1. Taking the stretch 84-107, which residues are in contact with a strand residue (DSSP E or B) (Cβ under 6 Å, 6 or more places away or on another chain) and crowded, with 17+ Cβ neighbours inside 10 Å?
2. Restricting attention to the stretch 7-26, and to residues there that are touching a residue at least 24 places away in the same chain (Cβ under 8 Å) and in a helix (DSSP H, G or I), which single residue is nearest to Pro75 (Cα to Cα)?
3. Look at Ile50 and say whether it is in a loop (DSSP other than H, G, I, E, B), modelled with pLDDT of 95 or more and either surrounded by fewer than 17 Cβ atoms within 10 Å (Cβ to Cβ) or among the aliphatic types (A, V, I, L, M) (or both).
4. Would you say Ala10 is under 18 Å from Val84 (Cβ atoms), modelled with pLDDT of 95 or more and among the small types (Gly, Ala, Ser)?
5. Does the stretch 70-99 hold any residues that are assigned to a loop (DSSP other than H, G, I, E, B), at pLDDT 95 or above and out of contact with any Phe, Trp or Tyr (no Cβ under 8 Å at 6 or more places or on another chain), and which are they?
6. Name the single residue that is farthest from Arg64 (Cα to Cα) among those in the stretch 100-122 being β-branched (Val, Ile, Thr) and in a helix (DSSP H, G or I).
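The values are calculated or read from the model by the stated rules, or taken from the named source; none is laboratory data. Predicted model, so just to flag it, every value in this text is computed and none were measured. In this analysis, Cβ positions are derived from the backbone assuming ideal geometry, glycine residues included, and neighbour counts consider all displayed protein chains.
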Amino acid sequence: MNMFRPRPAAASIDPEWEVAPEEVRRRLDAEEPMVLLDCRTDGERAVAAIEPSLHVPMDALGERLDELRPDPATPIVVYCHHGVRSLRVAAALRRAGLDPVHSMAGGIDRWSTAVDPGTPRY
């Protein structure tokens with residue numbers, strides 16, 4: 001089994017580490033406290049983004065940890081293109097003592113297909 005093959009958009013998620021894009025949309029619509037963290041590159045964000053979100057590229061994370069949470073109880077949801085980098089970032093943030101932190105399953109690509117078809121795919 002190839003563990004690096006992306007899961008199909010309809011695949012189940014690991015609730016310990018991931019949250020579905022539909023749940024992120026529900027939280028945004030309900031204006032629940034949440035930091036939606038975009039860990040993609042500047043170029044990727046220029047193509048498509050979910051707003052409101054905080055953009056901290058993965059390679060700048062260490063220098064910008066203090067920006068991530070206005071309140072320690074505020075959950076963080078990290079997203080990237082397909083959900084691989086965001087899982088790595090979620091793990092790094094947990095190791096840094098931040099919790100709760102989850103990755104948005106399937107990334108912005110799954111967001112585009114499951115939540116907002118107007119979000120460009122790349």
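1. Ser86, Leu87, Val89, Ala90, Leu93, Val101, His102, Ser103, Met104, Ala105, Gly107
2. Among those that are touching a residue at least 24 places away in the same chain (Cβ under 8 Å) and in a helix (DSSP H, G or I), it is Val24.
3. yes
4. no
5. Pro75, Cys80, His82, Gly83
6. The selected residue is Thr113.
Residue-wise test of (1) of a type in the set (A, V, I, L, M, F, W, C); (2) closer than 17 Å to Arg121 by Cβ; (3) touching a residue at least 40 places away in the same chain (Cβ under 8 Å); (4) touching a Ser or Thr at 6+ places or on another chain (Cβ under 6 Å).
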position: Asp29; (1), (2), (3), (4): no, no, no, no
position: Leu36; (1), (2), (3), (4): yes, no, yes, yes
position: Asp42; (1), (2), (3), (4): no, no, no, no
position: Val56; (1), (2), (3), (4): yes, no, no, no
position: Glu63; (1), (2), (3), (4): no, no, no, no
position: Pro72; (1), (2), (3), (4): no, no, no, no
position: Val77; (1), (2), (3), (4): yes, no, yes, no
position: Val89; (1), (2), (3), (4): yes, no, yes, no
